[in-house]
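For reference, the structure is listed below as structure tokens.
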Amino acid sequence: MTTSLIAVLITIGIIWWLLAPHFNREDHQSRMLKGTPVEVSRLDDERERYLRMLNDLELDYKTGKLGDDEYQILRQELVRDLGKILADLDRNLQTES
Amino acid sequence: MNLNFNDLGSFLLLSSWVLALFGLLVGIYSGITKNSRWLESGRRATLAAGACCLASLLCLGYLFLNSDFSNQYVWQFSNKEMPSIYKFTAIWGGMDGSMLLWCSFLALCSATVAYRLARYPQQLKAWLVAVINSSSLFFITVVTYLTNPFRYIDAPFIPPDGNGLNPLLQNPYMAIHPPLLYMGFTALSIPFAFCMAALLSGQTTNDWIRLTRRWTVIAWGFLTLGVSFGGYWAYIELGWGGFWAWDPVENASFMPWLTATAFLHSVMVQERKNMLKFWNIWLIVLSYSLTVFGTFLTRSGVVQSVHAFASTDVGWVFLLYLGIIFTVTATLTILRRKTLAPEREIESFFSRESVFLLNNLILLSIFFATLWGVMFPIISEAVTGVKQTVSVPFFNAVNVPLFLAMIFFMGVGPLIAWQKASFVQLRKAFLLPFLLALFVAILLVWAGVEGFYPILSYSLCFFVLLTILGEFHRGMKAQRTNRDDDSMPKRFSELMRKHRRRYAGHLIHLGVLVATIGITASMAHKVEREFTLSFGESYSIGRFTLELQDLREKNLRNFQSLYAEVRVLDRASKAQLGLLTPELRYYHRNRETTSEVSIRKSLREDLYIVLAGLDEESQSKAAFKVYLNPLQVWLWIGVIIMAFGTVLIIFDPRALREKKYRAPKEKTNL
């Protein structure tokens, strides 16, 4: 008897909890579907990737795995590409706002 | 208040099944329609399914602790005489409870993702809810309909006592080993879910890799510990002096570890170079599938194993699930092939990414060799009609050279820069470690160490050790600060703060080296002897002399024990070093005899003694098996170092911080 009562209470509780988003006024649209738009997300991903590569390059150079010339060439390439990504990212964020 | 925990557990399990099904359907619906309210319902269903599954596990635990033998599973795997701790761990003593434990961990991991859902990219959320619930649904279906642990006993009366747990499983390490392994298996389902969500949503950027980095490391850490604890249990419980026998069940836990290790390394290449996207997707799908495949292997009875404690006929359901996973993944990767194309090629063969790729190939070769060995009995039976098995010599012959190659590349990787390295830099980095390792090899030959592979293994380990130490030294030198405190400890802490992931990775490699030395020495230089002793007689092995002092009996609630008291003396000085007490136990309820080994552990070697039996005529003579396992303890020390390195990566404070870009107020000039 007690077990059945508890089972009924759990069932009612779960149903209420699952359907609550459909009856309350909370703005689930903004909470659940908010998030970074695809292009910004991709650019942010790229930004992080380039920063990581720069960080690695710096450490590889400091620990003697790269010569001066190679380091300068690789660094310039990465900084140039990162600059483009940041500019694109800014443009997208400004458009979004 | 008369609460029936059997019915309650059954109800909660059924509820979690309904909730997982609801979560899956609602996830798909909101993924297609972008309906946020249904998405929120799906998220809540995932949380509720986790809670219900966990609660049903606790109900089963309650039934075990209260020795409720009206439950078939409790009756089958416990008895009143068992200590409470083993009554509880008997939950995973058989198939039904193991699967419920698996489900509970899986539902817990899914619930953690659902709890943090708002933080994830909008395109992934709905599909993530759908995929994590699909995994849960499969396992909960198996538990609810095929291996339900809440079945009543099929008897006209409730038995006064149960069958009891297999004595081999009444061991503290066996109490910990399955949960650790299952945590590893189930944590792998999260990177898999993110990967599938990325494929389903079409957002195949590196987001899913970034978001699941910690989950992957957690899964790998648990797998490492789970496999190691299993090895340690075999070492102290099975009494054959070893820890790994390439048994199908051992291999089933080892194969996902291999592919997860490969994945951990190849994602680093994707994170930096946007390469290997396709490869990484298949690696994580393979790793997850191997956890399912392992269950199929160990539960279906298709392969024979000394560890198969829970063999049933439900294994083929797992095979069906595997078929679905591979079909869906293949279809999605074909559909998304354009977005999965690499953005650049490997620029130079002498680069860290190519070494990572080589190491990946070696790890996968070890995996395929192991899989071939495991499947060989089935394949041979299908082709020739005769079931032929391959054993330790096959696995050692194929895998040992591959492992050594892996160790070599583990040493080469840190010395090479990302992108490309010049020949001059390579020569500068390699020459000294290489020459010193060569010197060590010559020294070992001169010292009389025998065998090609042991010498190669020690000198390779020395080579890699030098590269790791050199890497730490160079890294610390590079951390020059302008502050007053420029001491080496300060530089070390700066290094670990700024480059935690890389240097904790080196620490894990160091653990692998230490473990490799332990494995090599204990396998290559093991000494094994069998002899009989009367009271007062002695036998010498290595630097020890063993003297039988007494044979005694003791009676405990659960078992009766006969144990020998063996004095361990220094062979040269005859000084007493300790007392070993190997046992023979007779478990009343199970009517089984087990041998409990006694081990004298030291950093130099393990003296491992097994009481093999009594002389039936005199009763004052005992037969012993003794193993001398050199450097054995270093294997376990290596595992501890690996675990420590993993914890450092998981709790990297820099990685824990959000790294989202904020647009500057003024336009950047970059």
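The table below lists the values:
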{"item": "Single residue of B:I190, B:I176 found to be of a type in the set (A, V, I, L, M), in a helix (DSSP H, G or I), modelled with pLDDT of 85 or more and over 24 Å from B:R213 (Cβ atoms)", "result": "B:I176"}
{"item": "Residue in the stretch B:368-405 that is farthest from B:S459 (Cα to Cα), counting only those that are in a helix (DSSP H, G or I) and polar (S, T, N, Q)", "result": "B:T384"}
{"item": "Only listed residue being in a helix (DSSP H, G or I), small (G, A, S) and either on the phi < 0 side of the Ramachandran plot or at pLDDT below 85 (or both), chosen from B:S365, B:S348", "result": "B:S365"}
{"item": "Index of the failed condition, B:N171 passing every other in (1) at pLDDT below 90; (2) in the same structural domain as B:L12 (by TED's automatic domain parsing)", "result": "(2)"}
{"item": "Selection within the stretch B:6-37 - assigned to a helix (DSSP H, G or I) and at the interface with chain A (Cβ under 8 Å from one of its Cβ atoms)", "result": "B:D7, B:L8, B:F11, B:L12, B:S15, B:L19, B:F22, B:S36, B:R37"}
{"item": "Output for the stretch B:5-37, where each listed residue is out of contact with any Phe, Trp or Tyr (no Cβ under 6 Å at 6 or more places or on another chain) and under 30 Å from B:S67 (Cβ atoms)", "result": "B:D7, B:L8, B:F11, B:L12, B:L13, B:L14, B:S15, B:S16, B:W17"}
{"item": "Qualifying residue in the stretch B:11-18 (condition: among the aromatic types (F, W, Y) and either under 30 Å from B:R119 (Cα atoms) or not assigned by TED's automatic domain parsing to the domain that holds B:D154 (or both))", "result": "yes"}
{"item": "Whichever residue in the stretch A:76-97 is within 15 Å of B:R272 (Cβ to Cβ) and touching a residue at least 12 places away in the same chain (Cβ under 8 Å) and, among such residues, is nearest to the other protein chains (Cβ to nearest Cβ)", "result": "A:L82"}
{"item": "Among (1) more than 13 Å from chain A (Cβ to nearest Cβ); (2) touching a Ser or Thr at 6+ places or on another chain (Cβ under 9 Å); (3) surrounded by fewer than 24 Cβ atoms within 10 Å (Cβ to Cβ) - the single one B:N66 does not satisfy", "result": "(2)"}
{"item": "Qualifying positions in the stretch B:460-519 - part of a helix (DSSP H, G or I) and among the polar types (S, T, N, Q)", "result": "B:T467, B:S493, B:T516"}
{"item": "Some residue of the stretch B:587-600 being over 23 Å from B:L169 (Cα atoms) and crowded, with 18+ Cβ neighbours inside 10 Å", "result": "no"}
{"item": "Qualifying positions in the stretch B:70-88 - buried (at least 22 other Cβ atoms within 10 Å of the Cβ) and assigned to a loop (DSSP other than H, G, I, E, B)", "result": "B:S78, B:N79, B:M82"}
{"item": "Residues of the stretch B:196-225 classified as farther than 15 Å from B:Q122 by Cα and touching a Pro at 6+ places or on another chain (Cβ under 8 Å), total", "result": "5"}
{"item": "Pairs where the first residue, in the stretch B:15-36, is on the phi > 0 side of the Ramachandran plot and the second is surrounded by fewer than 21 Cβ atoms within 10 Å (Cβ to Cβ), C-beta under 9 Å, 6+ apart", "result": "B:K34/A:L33; B:K34/B:Q122"}
{"item": "Conditions (1) at pLDDT 90 or above; (2) part of a helix (DSSP H, G or I); number of the one not met by B:W246", "result": "(2)"}
{"item": "Residue match in the stretch B:40-47 (condition: more than 10 Å from chain A (Cβ to nearest Cβ) and either charged (D, E, K, R) or within 31 Å of the chain's Cα centre (by Cα) (or both))", "result": "yes"}
{"item": "Top-ranked residue of the stretch B:405-439 - restricted to ones that are within 17 Å of B:V512 (Cβ to Cβ) and in contact with a Phe, Trp or Tyr (Cβ under 7 Å, 6 or more places away or on another chain), ranked as farthest from the other protein chains (Cβ to nearest Cβ)", "result": "B:A437"}
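The values are calculated or read from the model by the stated rules, or taken from the named source; none is laboratory data. Quick caveat, the model's predicted, so the values are computed rather than measured. Don't worry about glycine lacking a Cβ; one is built from the backbone with ideal geometry, like all the others, and counts go over all protein chains shown.
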